[in-house]
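Following: one structure in structure tokens, then a few remarks.
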Amino acid sequence: MPYIPFSEQDKQAANNADIVSYLLSHGETVRKTGREHTWDSPSGKVSINGSQWYSQYEQTGGGPVGFVQKFFGKSFPEAVRDLLGQGSSPATPQPSAEAKQKPKAEPKELILPPKNADMRRLYAYLLYERFLDRDVVRVFTHADLLYEDAEHHGAVFVGTDENGVPHHIQKRATSSQSGYKGNLPGSQADYSFHYVGTSDRLYVFEAPIDLLAYISLHKTDWQQHSYVALCSTADCAALWMLKTYPHLKTVYLCLDHDSAGIEGAYRVAESIHNAGTYEVFRILPKNKDWDEDLKERNGRTPILSSEHPNLEQMKEKISSLSEQDPDYQKILQRYQAARGYLQEDFLRDMERYLDRGEYQSAAESVLAFLACRERQTGVQTDWNTRQNALQAAYKPHRDKENGDSQIASLRRSFGVLKAQLQEKDLFSFKERQVQNRQWNAFAVDCLRLCSCIERENIPAPDEGQTME
């Protein structure tokens, strides 16, 4: 895209644009929740207040320009242009230096809602509307982790620290006239609703109702295990559980069966693996979530599950790769005959494929190069294993760039990997393993860009044009 010299007034106007108006103009659905609005983005719920947004799942936020860049895959110039074109509000003066230095507000105190004298409405809602098991609910109510509030008769889910002191409250309406659900001010995400057992298993959910529904569906010896509801798809509560209770070693991610839940599971799994040596598994509900599975078992029509479109597209693209494909075989045979010139031939091919925008060929070239390189060391990987490695390297929660950004990132990555290969003549076995994983991830990025091009209809580079 050509350079656009926006004035400071233009940039200021774009960053004062109304985000809700932008979403509505793009056919998105936005809900009014109190003084704010809520938008269900592909990666989770986003709160919007005028020209400011915040994602509670990713714990990040900002202004309109960053919003359009993040969620609509636009470059900075494209985001500014779009926001100016959709009727942004007039520019307002920049805040003074004194205003910018204004101290942050003190954290709010968590105030527990007063308990109702009885819990009849709570039990009626959980047992007859949500179909939760009475014995399961009783365990949590007797532990003061679940009760009915006196003012609105809603469900109060209490999250405590290891000493039983409450630090997190999520309230949920029990009336069919209200869909309210939210965390109370002062809640600390680390301590969201949970239960600690004695086994090494930790089951992770998005919401308290899903946690209770799963246990109701799987009651056998359930109190031996541990459970946590993230009250979002952020990872902090799961990480706190693992840090606080070192006997937990095996994690089962039971998040929703939809785009947000799938991305959340990848994000949480990544954080857990970075935190230590844990086994992490994914358990998918049949329908959208475990509450819907429980409803279906009791004769209600459930909300169905949905897959992550980018993930499914990548699965299809990776599975379509074939060791018997004539184009791949042609590349492989040429590299097998290259002998001492394998590296030089490979890098020359990669330059040509990237310059021409032939990203599928670039990915196949990487696979052929890795096959020949492994053959030199006597380590052979079968084709199914290679495809599985490609699939494992794809992370849908990180697939947020538009096509132009991916092209630039791919070129930068190639420059780094090329320099590593040319650094010296001989590499240790461990160095080769690291490089092979990096090139495998590069092949995934090539295929990811192919998928993005198909979605965005990006034209191929002009003949002879190189990407600098």
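Rule-based calculations on the coordinates, nothing more; no lab input. On a predicted model such as this, the values are computed, not experimentally measured, just so you know. Neighbour counts run over all protein chains shown; Cβ positions are idealised from the backbone, glycine included.
Data overview
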| item | result |
| --- | --- |
| Contour excess over end-to-end distance, with Cα ends at GLU312 and ARG120 and 0.36 nm allotted per residue | 64.6 nm |
| Rounded to whole Hz, the Karplus (6.51, -1.76, 1.60) HN-Hα couplings of region 298-315, x for glycine and proline | 9, x, 8, 7, x, 7, 6, 6, 9, 8, 7, x, 5, 5, 5, 5, 5, 4 |
| Inter-probe distance in nm under a simple model that places probes 7 Å from Cα toward Cβ, at ASP40 and GLN223 | 3.6 nm |
| Cβ-based charge dipole, the chain, positive-most Cα from LEU126, GLY340, ALA79 | LEU126 |
| Spatially close lysines, pair count over region 120-297: Cα under 23 Å, gap of eight or more or interchain | 10 |
| Lys/Arg +1, Asp/Glu -1 at C-beta; the chain dipole; positive extreme among ASN15, SER361, VAL137 | VAL137 |
| Sites ARG134 and SER405, calculated FRET efficiency, Cβ-Cβ separation with R0 41 Å, nearest 0.05 | 0.20 |
| For region 111-127, 3J(HN,Hα) per residue [Karplus equation, 6.51 cos²θ - 1.76 cosθ + 1.60, θ = phi - 60°, Hz, x = Gly/Pro] | 10, 6, x, x, 6, 6, 4, 9, 10, 5, 5, 4, 5, 4, 5, 5, 8 |
| Amide H contacts under 5 Å for LYS115, placed H, 5+ residues apart | ALA150 |
| Qualifying trypsin sites (Lys or Arg not before Pro) in region 332-440, DSSP loop, other Cβ atoms within 10 Å at most 12 | LYS424 |
| Residue-averaged 222 nm ellipticity for the chain, from DSSP H runs of 4+ at -39500 (n - 2.57), nearest 500 | -14000 deg cm²/dmol |
| Spacing of the two label points (7 Å from each Cα toward its C-beta) at LEU24 and ALA392, in nm | 4.9 nm |
| Using a Förster distance of 35 Å, the FRET efficiency for VAL416-ASP161 (Cβ separation, nearest 0.05) | 0.20 |
| For VAL280, residues with placed amide H under 5 Å, excluding near neighbours | VAL251 |
| Cβ-defined net charge surrounding LYS243, 14 Å radius [Lys, Arg +1; Asp, Glu -1] | -3 |
| Dipole magnitude of the chain, debye to nearest 20 (Cβ charges: Lys/Arg +1, Asp/Glu -1, about Cα centre) | 520 debye |
| In Hz, Karplus ³J(HN,Hα) per residue of region 194-200 (6.51, -1.76, 1.60; θ = phi - 60°; x = Gly, Pro) | 7, 9, 10, x, 9, 6, 8 |
| Interchain or long-range residues, amide H under 5 Å from ILE303's placed H | LYS288 |
